[in-house]
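See structure below.
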Amino acid sequence: MSDLEAVMFVLNIEYLGIVTVPVFWLLFTLRFVGKDQWLTRKWIVVQFIFPVISLAMVWTNSLHHLHYQDAHIYEFNGVYGLLTAKGPWYIIHTTYFYLSMGLGVFLLFRRFRTTEGMYKKQTFIILLGTLVPWIANILVVFQVGPFNSLDPTPHAFMIACVIIIFGFYELRLFDLRPIARNKVVDSMKNGMLVLDRFNRVVDINPYMLNIVGKSSGQVTGFNFSKLGLDSTSWVEMVSTDKEMNCELEVVVGGKNMVFEATCKLFDEGKHPYEGRLILMKDITQYRKDQNRLEKQASELKNLNLTKDRLLSILSHDLKNPLGSLTQFLDMVQSGWVSDQEFRNMLPEFSQNIKHVSGFIENLLEWAKSQISGEHMSCVEFNIGGEIEKVISLFGTSIEKKKVSVSFHSPGKTLVYADQNMIQLVIRNLLSNAIKFCEQDGEIEFYLSDHQDNVEVIVKDSGVGIPQENLKKIFSSESFTTFGTNKEKGTGLGLMLSRDFVLKNRGEIWVDSTVGKGSSFHFTLPKSAPINPQPDPNTQKEVSKN
């Protein structure tokens, strides 16, 4: 083997590193400056195509002389070197080499301008270590002075190594960047997404990929719509040129989750913004806790209202009748009231005792359902038969007030509910209707058979309910009313009726016009529920005015 052949053999081996330097340099630079979204497997493979072609052109140069047109040994002041005539492919290879190196230097220089502190020093060391061998190589390529046949590049690389070693020990080069970035971002328990100014995904962390249920290759480089987050708030967030916060509901792994999304804009260069950073924080448990607290606060408020109403009823509607009766009996016992006066006052006191008796009955039922929980025993029964029983039970009160009571039924109508509860509801509605009807008034019962339920209607020709009291009818707010014969009403019966109807998966509401009467409606299901233990709090209460 001649000296020229030996030199060319060594040069061919060197080109294994020469052709791959631009690729590895570009990969390193992109990773260092945070352009990981470019480093897809397909993109990396494409970058090695040109180096492989260049290597093939060098190794087969003796066949076509496209890389080196001529080469021979040259002596200069006692030093031997290789003098070559550059071919067209050498120019193409060199152009590619410098373009790759130039792109890397450009990215580093831009990073140098936009960073501070340790990052800025680290970037400067890399730039300096890169420029030294690059300048040396430029001197060789353009045959400047004595570098026509002598290549100082190896010596320049030695200088670059010294610079890099200095960076390792003095500036902790690579201790923080990019290793720390990957560790921090990839281990975040919040979703992170970076979009460019065209709303293309340029960076996304594993947590965000889990939220959208996709892999990095499926979304990186594509428009944000590829993520599948199509809510109005999401579209607004990626469309506006302002920073914003919003809440997004997303189905993750079959579960509904709530995220707090924060959008921050990147402002670089001549454009108003170059892209945006979106962070998504899981607040599902926080929202559940907040909703539970709000529900508990609402329940506590209702309990307080119920307690206030109960105390008001006990202090007025129970205390006063019993107090009057006690005083009257004391007067009788002391001889201050004659027998005739005693007989004359008996009807009034009898009415008070009936009022107290009915009130205590409702109070006990309400206390049983509210304090210890009501045991429900649902069966299928004929609702029309229960209405007829209650009408018969109130026969004396109906005759005394000369009220006409009629019942319109389509026939045997079956419902599925707690029979005792519904009987109490019917008793309360009929008692109220009698109480607020004038002499010779009318009360009508109707049954309306629907597909899934039966509607019970109790219509009277009484005095009606004022508008301000309609909203209080089924609430816990305390108010007192008087019937046409001064019969006192506390509203406890209607409140109890509401609770019992809701417990039986029904609805209850009232229509009323002052001076024309009222119409109370409630529904009951025809069949047993699919869920054997329905939650009564989920039922609706309707008030139709």
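With respect to being touching a Ser or Thr at 6+ places or on another chain (Cβ under 7 Å), within 16 Å of SER461 (Cα to Cα) and not in a loop (DSSP other than H, G, I, E, B), LEU447 falls outside the description.
Residues of region 433-478 that are closer than 24 Å to LEU524 by Cβ and among the polar types (S, T, N, Q): SER448, GLN451, ASN453, SER475, SER476.
Of all the criteria given as (1) touching a residue at least 60 places away in the same chain (Cβ under 8 Å); (2) among the small types (Gly, Ala, Ser); (3) more than 16 Å from VAL510 (Cβ to Cβ), the one not satisfied by GLY411 is (1). For region 267-281, the candidate set comprises residues that are out of contact with any Leu (no Cβ under 7 Å at 6 or more places or on another chain) and modelled with pLDDT under 75; within that set, the residue that is surrounded by the fewest Cβ atoms within 10 Å (Cβ to Cβ) is LYS270. Please find, within region 48-92, the residue that is modelled with the lowest pLDDT out of those that are closer than 22 Å to THR20 by Cα and in contact with a Ser or Thr (Cβ under 6 Å, 6 or more places away or on another chain). Within region 48-92, the match that is modelled with the lowest pLDDT is TYR68. Among the residues that make up region 447-458, is at least one of them assigned by TED's automatic domain parsing to the domain that holds ASN504 and more than 48 Å from the chain's Cα centre (by Cα)? No, region 447-458 contains no residue that is assigned by TED's automatic domain parsing to the domain that holds ASN504 and more than 48 Å from the chain's Cα centre (by Cα).
Tallying residues that are over 18 Å from TRP509 (Cβ atoms), touching a strand residue (DSSP E or B) at 6+ places or on another chain (Cβ under 7 Å) and not in a strand (DSSP E or B) within region 414-433 yields 1. All conditions but one from (1) closer than 26 Å to MET376 by Cα; (2) of a type in the set (S, T, N, Q); (3) modelled with pLDDT under 90 apply to GLN439; the one that does not is (1).
The values are calculated or read from the model by the stated rules, or taken from the named source; none is laboratory data. The structure presented is a predicted model; accordingly, all values stated were derived computationally and were not measured. Here Cβ is always computed from backbone atoms with ideal geometry, including for glycine, and neighbour counts include all displayed protein chains.
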